[in-house]
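Take a look at the structure below.
The values are calculated or read from the model by the stated rules, or taken from the named source; none is laboratory data. Model, not experiment: these values are computed from the prediction. Cβ sites come from the backbone with ideal geometry, for glycine too, and all protein chains shown count toward neighbours.
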Amino acid sequence: MSPRDTRTGGVLEAMVLPALTRGGYTVRTHVAVGNRLGGGRHIVDAVASQSERKLLISLKWQQVRGTAEQKVPFEIMCLADAMERESYDGAYLVLGGEGWRRRHFFVGEGLKKYLKNTEGVEIVTLESFVARSNQGNL
């Protein structure tokens, strides 16, 4: 599989969406949630709803080392902006794949020092997200 092969995103969705359904969430995929900062539509991979809670879910897959890591801070800012503008209850940025050099930094809240007003966005590993989703515990 080449580094530019985008089918890996489909693999991630195939793992995440069943876990959300099993956890009692209603899921809509590829949802426009406003505009990206600086222009253009912001489309998240999923919006999961359970009772009155609505959650934004953005999936990032890094099979091999590459540029996805550089996009993480911007995605966090866009998710936080969408939460504020459209009254979502939370957002998850799910990191899957083995190509993340800074995975522990991102998941370990290393960015909190640098990004303000993003408290509602949680960065999690694929494994953690699937486990929590399965249990309806997002």
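Before moving on, here are some points about what is shown:
- Scanning the range 99-131 for residues that are of a type outside the set (Gly, Ala, Ser), within 14 Å of Met15 (Cβ to Cβ) and either surrounded by fewer than 14 Cβ atoms within 10 Å (Cβ to Cβ) or without any contact (Cβ under 8 Å) to a residue 40 or more places away in the chain (or both) gives Val124, Thr125, Glu127.
- Note on the range 85-94: residues that are modelled with pLDDT of 90 or more and surrounded by fewer than 18 Cβ atoms within 10 Å (Cβ to Cβ) total 2.
- Evaluation of Ser51 against the conditions (1) on the phi > 0 side of the Ramachandran plot; (2) polar (S, T, N, Q); (3) buried (at least 19 other Cβ atoms within 10 Å of the Cβ) shows that the sole unmet condition is (3).
- Taking the criterion of being closer than 14 Å to Val47 by Cβ, hydroxyl-bearing (Ser, Thr, Tyr) and part of a loop (DSSP other than H, G, I, E, B), the residues of the range 85-120 that qualify are Ser87, Tyr88.
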